Every structure is written in structure tokens, then in C-alpha cells.
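These notes are about the structure you will find just below.
The values are calculated or read from the model by the stated rules, or taken from the named source; none is laboratory data. A quick note: this is a predicted structure, and the numbers were derived from the prediction, not measured. Here the Cβ is made from the backbone with ideal geometry for all residues, glycine too, and neighbour counts use every protein chain on show. SASA here: full protein model, heavy atoms, side chains in, ligands and nucleic acids out. Shrake-Rupley method; radii C 1.70, N 1.55, O 1.52, S 1.80 Å.
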Amino acid sequence: MKAERDHEYYQVFARRKAEEPLQHIGTVGASEADDAEVFAYKLYDQWRWTELFVAPSAAILQVRRPA
């Protein structure tokens, strides 16, 4: 397990129904990906999600800059 100071931020994405687009619903901080999964589930479980994803913020690539 990493030291607490080594935590990183994870972006949380979800969809309520399979036919709906994936949407960004928030951010969690965690030392490990497994912890980020648990934190995201606990923080955002008030809705019934069909799918819930976490991704390290550093892994998100900006494809296009806003105009």
C-alpha cells in the first residue's frame, strides 16, 4: 500500500441505462486503484448505475482544446 501522500486522483464515470452516454460524475482521491473503486461506489451509490468506472486522472488525455 502506498503512503497517504502518494495518493492520486481518479475520475469517476457512470451511466444509468445501457443506451445512455457515459457521464463524468465526480472525482475521488486514493492510494490505490482498488481503493478508488470502493470510494467511488460508496460516494455515488445513491443512484442505480448500470455501469460505474474509475480512471486515474493522469490517464485521461485531452484530444481537443475548447474553442
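Odds and ends about this structure:
- Per residue accessible area in Å² of the chain, where ligands, DNA and RNA are left out and the probe is 1.4 Å: 81 Å²
- Note on Glu20 and Thr50: their simple-model spin labels are 0.9 nm apart, each label 7 Å out from Cα toward Cβ.
- Here the accessible area of the chain is 52 percent carbon and sulfur, with a 1.4 angstrom probe and all protein chains present.
- For the chain, size of Cβ-based charge dipole, Lys and Arg +1, Asp and Glu -1, in debye: 380 debye
- Neighbour-limited loop hits for GluC sites (Glu not before Pro), region 1-56 (at most 10 other Cβ within 10 Å; DSSP other than H, G, I, E, B): Glu19
- List Arg65, Arg16, ordered by accessible area with a 1.4 Å probe, largest first: Arg65, Arg16
- The mean sequence distance of close C-alpha pairs (under 8 Å, at least 6 residues apart), as a share of the length of the chain, puts its relative contact order at 38 percent.
- Reported value for the chain: 106 Å³ per residue, from the convex hull of its C-alpha atoms.
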